[in-house]
Amino acid sequence: MMAMYWTGLLLLLSITILGFDGCSHQTGNPSRPEDPLSLEAPDEVEAGQTINLKLIWRNLTDKPVELTLGGRPAYDFVVTTSEGKEIWRWLAGQTVQDILEIKTVDTGQKLEFMLEWQPVDQAGAALAPGHYLAHGILNLEPPAALKTKPKPLLIRSK
């Protein structure tokens, strides 16, 4: 039992160090131009139009990195109002398998997770035109997870 605790603690520590090493939003690290985790999505769409969401984790280090992904699927997408109130989460109500998967990502390589989303709330109602924020989440060995910076999304009237 104690060995499992220390193994988990070491993994969490290495994830924390990796996150610090690769994140541009950490102060005092101007040599890193971008975060390792990012979300690609359109800036704006017409109401009712399908939205392509892409979560990307890049190895910005100078050596291969082993990522322990937590669960299948190991990623999630969340949409909130511009005030931060969650209105849709891809994994809400879905069964997530408790399976850890170790992925080795070489220097300069990336992992991508994609989803096509109809802009609806959790109840399935179409989102009204307006300003929203999208987030991508990469689940690591529980309870660790990485979350992207919010990506503004404008839904225009038809």
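The values are calculated or read from the model by the stated rules, or taken from the named source; none is laboratory data. Because the structure is a prediction, the values reported are computed rather than measured. Positions of Cβ are backbone-derived with ideal geometry, glycine not excepted, and every protein chain shown enters the neighbour counts.
Observations, loosely collected:
- Single unsatisfied condition, Ala134 versus (1) within 15 Å of the chain's Cα centre (by Cα); (2) modelled with pLDDT under 95: (2)
- Breaking point among (1) surrounded by 13 or more Cβ atoms within 10 Å (Cβ to Cβ); (2) of a type in the set (Gly, Ala, Ser); (3) over 18 Å from the mean Cα position of the chain (by Cα), for Ala123: (1)
- Subset tally (residues that are buried (at least 18 other Cβ atoms within 10 Å of the Cβ) and either assigned to a loop (DSSP other than H, G, I, E, B) or under 15 Å from the mean Cα position of the chain (by Cα) (or both)) for region 138-158: 7
- Checking each residue in region 116-131 for being part of a strand (DSSP E or B), of a type outside the set (Phe, Trp, Tyr) and out of contact with any Gly (no Cβ under 8 Å at 6 or more places or on another chain) picks out Glu116, Val120, Gly130, His131.
Table: residues versus (1) in a strand (DSSP E or B); (2) under 13 Å from Leu53 (Cα atoms).
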| residue | (1), (2) |
| --- | --- |
| Gly71 | yes, no |
| Phe77 | yes, yes |
| Ala92 | no, no |
| Ile102 | yes, no |
| Leu111 | yes, no |
| Met114 | yes, yes |
| Leu133 | yes, yes |
| Gly136 | yes, yes |
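- Among (1) surrounded by 13 or more Cβ atoms within 10 Å (Cβ to Cβ); (2) farther than 18 Å from Ala126 by Cα; (3) not small (Gly, Ala, Ser), the one test that Asp98 misses: (1)
- Selection within region 62-95 - buried (at least 16 other Cβ atoms within 10 Å of the Cβ) and of a type in the set (S, T, N, Q): Thr68, Thr80
- Flag if Gly124 is out of contact with any His (no Cβ under 9 Å at 6 or more places or on another chain) and over 20 Å from Gln49 (Cα atoms): no
- Filtered residue count, region 117-152, keeping only those that are of a type outside the set (Ser, Thr, Tyr), farther than 30 Å from Thr61 by Cα and in contact with a strand residue (DSSP E or B) (Cβ under 7 Å, 6 or more places away or on another chain): 10
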